[in-house]
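Taken together, the values in this text are just the output of simple stated rules run on the coordinates, not laboratory data. All values reported here derive from a predicted model rather than from experimental measurement. Glycine also receives a Cβ, built like all others from the backbone with ideal geometry; neighbour counts cover every protein chain displayed.
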Amino acid sequence: APPIEPHLNLEKDDRELQVRPARLTDFVGQRDIAENLSAYLKAALVRREPLDHVLLSGPPGLGKTTLARIIANEAGARFSQITAPNIKRPGDLAKILSALGENDVLFIDEIHRLPAPAEELLYGAMEDRTIDIAVGDGTLANSVQITLPPFTLVGATTRPGDLTAPLRDRFGIRFHLEFYQDEDIITILSRAADIWKISMTAESRASVSRRARSTPRIALHLLRRVWDYALAESGDLSHEIDRGAAEFAFGKMQIDAEGMTRLDRQLMLSIANHYQGGPVGLKPLSAILAEDLTTLEDYVEPYLVRRGFIRRTPRGRMLTPEAYKHLGLSGGPQGLF
Ligand code: ADP
């Protein structure tokens, strides 16, 4: 089925590559992380050793993959990338690890989804750079230990809480990425508009930024779609996009002034209409909406919580009075507020 959330499509094309920051100095925002990382990278260069293993956590689209690539670029190292759900057996991971060269950066996305036997293989690889691999079968089965060259593992996770303690503890450097400040989103949009040669007014940029859910990936995605609608209307590459053109596009995409999409509104309306504002778990909501639970947990809910529309309580999710107001619903949640 086609995703009802256009945001969830990760754009991995040439245009995306043009704007992806390659160096730490081009990485906008997250100042604490950038400053600390810069110091650790310099120290590693002085020691002529690869950087310690790095764990990056935070919601999707905030720059974990970008940072992993920057780490490789800054260290002049080779970069390779895998996503944990593609690793079914420890042998799959052993193959990747044994192909590593000196000082390589290996990026494992969604590392919380690594199967336990593969995760255990990683312990030795991270700790003393050894892995045991099985050779032969049946009664002749045996294992040999191989030593890996020095390398840096960068793990990314949207759910740091799902990581086992032994895995988490093997990362010497851990950063949690936060949602971006509005001015950082504006900077990211301006930089992309310059690179893509999009002419747009400051108001139209603000109008995109307001709907970007404090997330660079969404900001860039919306910018491209607004650009499409504007070009389709004007037929002129040099035509300046103004606020009206941007809002026209958002109307077509059914994205409201707060950046809420149809799915966001449907989620909140389900809590209001089926559960009197909650508390309710995400599971029944995912059934009502016929939407994948992980999508709701990882992509949809974090921003609604941060925006103050949903509260997580021990008994489940509750809609806040602000959400009722935003949805234009009368009434509101019972008690608690
Ligand atoms: P994640 O791995 O956390 O899901 P990505 O690293 O894929 O996120 O980033 C998504 C998009 O946002 C990329 O196209 C990247 O160019 C852009 N981006 C992310 N963080 C920044 C930043 N700090 N400055 C500029 N662009 C960024």
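Give me the distance in nm between label points sitting 7 Å out from Cα along the Cα-to-Cβ direction at Asp14 and Glu120, one decimal.
A separation of 4.8 nm, rounded to one decimal place.
Hand me the GluC sites (Glu not before Pro) from region 95-200 located in a DSSP loop with no more than 13 other Cβ atoms within 10 Å, in residue order please.
Glu102
With the Cα gyration tensor of region 9-63 giving a ≥ b ≥ c as the square roots of its eigenvalues, does the rule (a/c under 1.5 for rounded; else a/b larger than b/c for prolate; else oblate) give rounded, prolate or oblate?
prolate
Hey, fewest Cβ within 10 Å first, where do Asp264, Asp169 land in order?
Exposure proxy ranking, most exposed first: Asp169, Asp264.
Tell me, in nm to one decimal, what length is gained between Leu327 and Arg174 on full extension, where the rule is 0.36 nm per residue of separation less the Cα-Cα distance?
So the extension gain works out to 51.3 nm.
Given 0.36 nm per residue, what is the gain on full extension from Thr25 to His274 after removing their alpha carbon distance, in nm?
Gain on extension, Thr25 to His274, equals 84.8 nm.
Measuring from label point to label point, each 7 Å out along Cα→Cβ, what is the Arg191 to Arg262 span in nm?
In this crude label model, Arg191 to Arg262 measures out at 3.3 nm.
Using amide H atoms built in the peptide plane, which far-off residues or other-chain residues are under 5 Å from Arg174 H to H?
Leu55
Give the long-range amide H neighbours of Val154: residues separated by 5 or more places, or on another chain, with amide H under 5 Å away, using H modelled in the peptide plane at 1.01 Å from N.
Val54, Leu106, Phe107, Ile108
Using θ = phi - 60° and the Karplus curve 6.51 cos²θ - 1.76 cosθ + 1.60, what whole-Hz ³J(HN,Hα) does each residue of region 44-60 get, with Gly and Pro shown as x?
So the Karplus estimates, Gly and Pro as x, are 5, 5, 4, 6, 6, 10, x, 4, 3, 5, 10, 10, 10, 10, x, x, x Hz.
List, in order, the whole-Hz ³J(HN,Hα) value for each residue of region 85-99 obtained from phi through the Karplus relation with A = 6.51, B = -1.76, C = 1.60 and θ = phi - 60°; use x for Gly and Pro.
Per residue, the Karplus-derived 3J(HN,Hα) values read x, 7, 9, 8, 10, x, x, 4, 6, 4, 4, 5, 5, 6, 8 Hz.
Need the full-extension length gain, Leu231 to Lys95, defined as separation in residues times 0.36 nm minus the C-alpha distance. One decimal, nm.
44.2 nm
Rounded if a/c is under 1.5, else prolate if a/b is larger than b/c, else oblate: which is the chain, with a ≥ b ≥ c the root eigenvalues of its Cα gyration tensor?
Judged from the Cα gyration tensor, the chain comes out oblate (a/c at least 1.5, b/c at or above a/b).
Cα gyration tensor of region 53-119, axes a ≥ b ≥ c as square roots of the eigenvalues: rounded (a/c below 1.5), prolate (a/b > b/c) or oblate?
oblate
Using a basic spin-label model with each label point 7 Å from the Cα along Cα→Cβ, how many nm lie between Asp137 and Leu41?
4.7 nm
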